[in-house]
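Visitor: Before I ask anything, here is the structure I am working with.
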Amino acid sequence: MRRLLDRGGAAVSERSETPAPVTPDRIAVGTAHRDQAAAVRAALADLGVTGVTVDTANRLQGREYDVTVVLHPLSGRPDATAFHLETGRLCVLASRHRHACVVVCRAGVAELLDEHPSADPVRLGVAVSFPDGWEANHAVLSHLEEHRVSWTP
């Protein structure tokens, strides 16, 4: 966020013929939990970044920003719970941007998904009537793999 703001980015869209500055009020950080959002707010404050919206997927629902940074719901998790696999959460986090979305995800999430035991009964010949969170997370991770930037502290 700090670097994005320092670089003075601008967004071009149907809303204006001239590039509009990407200001803090046009940037959001999305998390799965309120404690994660609080930690991100504190970290941004330490960097002198104010005015950026930092909130959970539920609270970002229906809002729109030029740029979003998303903490993948399974990052930092030792297990894949139904809450974290819920497809709507991932969908909301990944769709609040107009121009750019940066997904921050720790290494090992794909393996975490592969190790996740399914407690749901399997019924042969019955079509699933809703998106499967396990499958949706794998599909998103697979798509993002093409754009992956690894970072080692």
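Visitor: Take the residues in the range 81-95 that are outside any helix (DSSP H, G or I) and farther than 14 Å from Val109 by Cβ; name whichever of them is modelled with the highest pLDDT. Talk me through it step by step, then tell me what you get.
Guide: First, the residues of the range 81-95 that are outside any helix (DSSP H, G or I): 81, 86, 95.
Narrowing further to those that are farther than 14 Å from Val109 by Cβ: 86, 95.
Details: Glu86: 79, Ser95: 90.
Once the filter is applied, the top-ranked residue is Ser95.
Visitor: A further question follows. Residue pairs, Cβ under 8 Å, 6 or more apart or interchain, first in the range 27-39 and under 15 Å from His84 (Cβ atoms), second among the aromatic types (Phe, Trp, Tyr). List them.
Guide: As it stands, the answer is Ala32/Phe83, since those pairs meet every condition given.
Visitor: For the range 1-13, check the following and say yes or no: at least one residue is of a type outside the set (Phe, Trp, Tyr), under 25 Å from Gly108 (Cα atoms) and in contact (Cβ under 8 Å) with a residue 12 or more places away in the chain. Explain how you work it out, then say what you get.
Guide: Taking the range 1-13 and keeping what is of a type outside the set (Phe, Trp, Tyr), we get 1-13.
Filter again for under 25 Å from Gly108 (Cα atoms), leaving 1.
Now drop any that are not in contact (Cβ under 8 Å) with a residue 12 or more places away in the chain, which leaves 1.
Within the range 1-13, one or more residues are of a type outside the set (Phe, Trp, Tyr), under 25 Å from Gly108 (Cα atoms) and in contact (Cβ under 8 Å) with a residue 12 or more places away in the chain.
Visitor: Show the residue pairs that are 6+ apart or on different chains and have beta-carbon atoms under 8 Å apart, the first residue being within the range 133-148 and farther than 16 Å from Cys101 by Cα, the second being part of a helix (DSSP H, G or I) and of a type in the set (Gly, Ala, Ser).
Guide: Gly133/Ala82; His138/Ala110
Visitor: Could you tell me whether Pro78 is modelled with pLDDT under 80 and touching a Leu at 6+ places or on another chain (Cβ under 9 Å)? Before the answer, list the steps.
Guide: Values: modelled with pLDDT under 80: yes; touching a Leu at 6+ places or on another chain (Cβ under 9 Å): yes.
For Pro78, the condition - modelled with pLDDT under 80 and touching a Leu at 6+ places or on another chain (Cβ under 9 Å) - is met.
Visitor: I'd like the full set of residues that are surrounded by 13 or more Cβ atoms within 10 Å (Cβ to Cβ) and assigned to a loop (DSSP other than H, G, I, E, B), limited to the range 48-80.
Guide: First, the residues of the range 48-80 that are surrounded by 13 or more Cβ atoms within 10 Å (Cβ to Cβ): 49, 52-57, 59-61, 63, 65-77, 80.
Listed by number, the residues that qualify are Val49, Val52, Gln61, Arg63, His72, Pro73, Leu74, Ser75, Gly76, Arg77, Ala80.
Visitor: While we're here: Is it fair to say Ala20 is in a strand (DSSP E or B), closer than 15 Å to Ala100 by Cα, over 15 Å from the mean Cα position of the chain (by Cα) and not charged (D, E, K, R)?
Guide: Working: in a strand (DSSP E or B): yes; closer than 15 Å to Ala100 by Cα: yes; over 15 Å from the mean Cα position of the chain (by Cα): yes; not charged (D, E, K, R): yes.
When the stated conditions are applied, Ala20 passes them.
Visitor: Taking the condition touching a Lys or Arg at 6+ places or on another chain (Cβ under 9 Å), of a type in the set (Asp, Glu) and within 30 Å of Glu111 (Cα to Cα), does Asp66 pass? Break it down into steps so the answer makes sense when it comes.
Guide: Details: touching a Lys or Arg at 6+ places or on another chain (Cβ under 9 Å): yes; of a type in the set (Asp, Glu): yes; within 30 Å of Glu111 (Cα to Cα): no.
In short, no.
Visitor: Spot the failing condition for Ala42; the list is (1) exposed (fewer than 14 other Cβ atoms within 10 Å of the Cβ); (2) in a loop (DSSP other than H, G, I, E, B), and only one is missed.
Guide: (2) is the only condition that Ala42 fails.
Visitor: Select from the range 1-39 the residues that are under 30 Å from Gly88 (Cβ atoms) and charged (D, E, K, R) and write down the one among them that is surrounded by the fewest Cβ atoms within 10 Å (Cβ to Cβ).
Guide: That would be Glu14.
The values are calculated or read from the model by the stated rules, or taken from the named source; none is laboratory data. On a predicted model such as this, the values are computed, not experimentally measured, just so you know. Neighbour counts are summed over all protein chains in view; Cβ atoms, including those assigned to glycine, are modelled from backbone coordinates with ideal geometry.
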